[in-house]
There are 2 protein chains.
Amino acid sequence: MLKELASAAPRDCEDCPIRHRAVCARCESDELERLDQIKYYRSFEAGQTLIWSGDKMDFVGSVVSGIATLTQTMEDGRTQMVGLLLPSDFVGRPGRDSAAYDVVAVSDIVMCCFRKKPFEDMMARTPHIAQRLLEMTLDELDAAREWMLVLGRKTAREKIASLIAIIARRDAVLNTAGMQGPLVFDLPLTREAMADYLGLTLETVSRQVSALRRDGVIMLEGKRRVTVPDFNRLLEEAGDDSDGGLLV
Amino acid sequence: MLKELASAAPRDCEDCPIRHRAVCARCESDELERLDQIKYYRSFEAGQTLIWSGDKMDFVGSVVSGIATLTQTMEDGRTQMVGLLLPSDFVGRPGRDSAAYDVVAVSDIVMCCFRKKPFEDMMARTPHIAQRLLEMTLDELDAAREWMLVLGRKTAREKIASLIAIIARRDAVLNTAGMQGPLVFDLPLTREAMADYLGLTLETVSRQVSALRRDGVIMLEGKRRVTVPDFNRLLEEAGDDSDGGLLV
DNA sequence: CGACGTGTTGATACAGTTCAAGTTGTGTGG
DNA sequence: CCACACAACTTGAACTGTATCAACACGTCG
């Protein structure tokens, strides 16, 4: 099974599942061809640390499939997740050569990588790439700021509801399911990872998930499979007004 | 006094105090000339809200002088600051037409503005602007993620120490003072604004500032003027290791 | 002067942490 | 196939850091 991971990688950019969302989204076919020449795939197993904070980063790339986390750790071990990397998300920062965060695979992962230098050269010559990267970075900045409100001002219950709402929404967008009717999906994160995302302890996460279940806001099959019968109810619990709030 | 604010605006880009740090930093003189033609200055008084979340944004711009905050507010009034805008920082997002956050002047402010449409056109034709904006956005994203660790995992005392450390560092960079020897500067924020930045109440901020003073980590002249006798001691109190930590 | 904005300090309440025990599910080796 | 180990999760009881509510201090401005 592990050996087969690499086979999940698409051969050709045109068939790539993240073709229209990743950093290459805006590229024309000739630009894509040039990218194609310098790209290479790498696979990682669940639990593996792809990148250690402080390490030299000689590549950048996009998540093709799977989920990873961006985390920061203090000397005494306190950990905060600062980003959740889903398919099409970009890893690495052009212009910086050491990693600022740990990147850890939550599930098995395939990444489409570029050595940093050639990618930077390509970017300088290809406005479509720089444009798309700017757009993606602005979206990430919005998401980070939204998360600052969650971390700074929401109660434990609201934090959990907020996280479930985000995952539900992303899942619905990915599967082009509407927001009407019950939503069903898997939580990709362990209780501990959720705690690291939300600035809580895993015990508090467990208690609040149980409380939301008791109160009928969510239903659980096993530990991970979630049903949200009424998405607006969930948003109320998250402290968001039903319309605005989290930008994709 | 209020009427005179506009006079603080430089006439010419070459004399502009933020010429080499703002979104125009990379521009050649011909590019600067074109920017010059579409720019205009606006002044705001301390306390004024420049932009309301949800409002139509028909301009973008740079802070020339003064300080502003980016804040998010929940329906019940809980408020979280998500950004601190200092001279050279950019306001607004090309490609989006309504504001995502409230922007409030902390001090009197002068901004160098561009109507959004002409700026977007200019950006499309001027890679130097797009490049610089990407770089600035990536820096802001790093700062936001650093702040997520502060909000999610640090104690009240560490939060206060972190904020003072950031302000001290920015001030030292601005005044090209070294990090050696005692640092002296003014806190630009009220206790309440600090609380909104840190996800605390203003009472807790007040108590922890007093505690840091009692313990000799900082010294106070009046409520706002701060002396940091030993910057490394402050970093320890912030929970940062003395070398790494906050970028910029 | 009094009023108001800003900040400090104290007493009490409570949300979330910490420590500890126990449960469930899954993979492994005898 | 069972026994065992281990990771992920749940639940309980006690503790504690921060919020909340309240009173008061200081400086400034009309």
- Message: Every residue in region A:53-93 that is more than 16 Å from DNA strand D (Cβ to nearest atom) and surrounded by fewer than 16 Cβ atoms within 10 Å (Cβ to Cβ), please.
- Response: A:Gly54, A:Asp55, A:Lys56, A:Asp58, A:Thr73, A:Glu75
- Item | region A:62-71, subset assigned to a strand (DSSP E or B) and more than 16 Å from B:Leu138 (Cβ to Cβ), residue farthest from the other protein chains (Cβ to nearest Cβ) | A:Ser65
- Note on the structure: Filter region B:140-175 for residues that are among the charged types (D, E, K, R) and away from DNA strand C (no atom under 15 Å from the Cβ); the one that is nearest to A:Glu146 (Cα to Cα) is B:Arg145
- Task: Could you tell me which numbered condition A:Gly178 fails, if it satisfies all but one of (1) within 14 Å of DNA strand C (Cβ to nearest atom); (2) free of Cβ contacts under 8 Å to residues at least 24 places away in the same chain; (3) closer than 30 Å to B:Pro94 by Cα; (4) not β-branched (Val, Ile, Thr)?
- Result: (1)
- Subset of region A:216-235, residues part of a helix (DSSP H, G or I) and over 30 Å from A:Arg78 (Cα atoms), comes to A:Phe231, A:Asn232, A:Arg233
- Determine whether B:Glu203 is within 11 Å of DNA strand D (Cβ to nearest atom), open to solvent by 80 Å² or more (accessible area, probe 1.4 Å) and within 24 Å of B:Gln80 (Cα to Cα). yes
- Message: Show the residue pairs meeting these rules: Cβ distance below 6 Å; 6+ apart or different chains; first residue within region B:75-104 and over 12 Å from B:Ser53 (Cβ atoms) and more than 7 Å from chain A (Cβ to nearest Cβ); second residue open to solvent by 40 Å² or more (accessible area, probe 1.4 Å) and part of a loop (DSSP other than H, G, I, E, B).
- Response: B:Ser88/B:Arg21
- Message: With the structure loaded, tell me whether A:Asp196 is in the same structural domain as A:Ser162 (by TED's automatic domain parsing), more than 23 Å from the chain's Cα centre (by Cα) and either farther than 24 Å from A:Gln80 by Cβ or more than 10 Å from DNA strand C (Cβ to nearest atom) (or both) or whether it fails that test.
- Response: no
- Item | Residue among B:Leu50, B:Leu35 that is aliphatic (A, V, I, L, M), touching a residue at least 60 places away in the same chain (Cβ under 8 Å), over 23 Å from B:Ala124 (Cα atoms) and surrounded by 14 or more Cβ atoms within 10 Å (Cβ to Cβ) | B:Leu50
- Note on the structure: Expected output for region A:190-202 (first residue under 18 Å from B:Glu146 (Cα atoms), partner β-branched (Val, Ile, Thr) and within 12 Å of DNA strand C (Cβ to nearest atom), Cβ below 8 Å, 6+ apart or cross-chain) is A:Ala195/A:Thr201; A:Ala195/A:Thr204; A:Ala195/A:Val205; A:Asp196/A:Thr79; A:Leu198/A:Val150; A:Leu198/A:Ile160; A:Leu198/A:Val205
- Meets criteria (β-branched (Val, Ile, Thr) and within 15 Å of DNA strand C (Cβ to nearest atom)) for B:Val217: yes
- Query: Could we say that B:Leu189 is more than 9 Å from DNA strand C (Cβ to nearest atom), away from chain A (no Cβ under 14 Å) and open to solvent by less than 30 Å² (accessible area, probe 1.4 Å) here?
  - Reply: no
- Message: Test of understanding: among B:Asp139, B:Asp215, which residue is at pLDDT 95 or above and either hydrophobic (A, V, I, L, M, F, W, C) or over 30 Å from B:Glu28 (Cα atoms) (or both)?
- Response: B:Asp215
- Message: I'd like to verify a number: residues in region B:206-232 that are over 22 Å from the mean Cα position of the chain (by Cα), away from DNA strand D (no atom under 15 Å from the Cβ) and of a type in the set (Ser, Thr, Tyr), how many?
- Response: 0
- Query: Among the residues of region A:13-32, which ones are touching a His at 6+ places or on another chain (Cβ under 8 Å) and open to solvent by 90 Å² or more (accessible area, probe 1.4 Å)?
  - Reply: A:Arg26, A:Glu28
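The values are calculated or read from the model by the stated rules, or taken from the named source; none is laboratory data. What you see is a predicted model; the values in this text were computed from it and never measured. Cβ atoms come from the backbone with ideal geometry, glycine included; neighbour counts cover every protein chain shown. The protein model used for the area step is the full one, side chains on, heavy atoms only, and it has no ligands, DNA or RNA in it. Shrake-Rupley method; radii C 1.70, N 1.55, O 1.52, S 1.80 Å.
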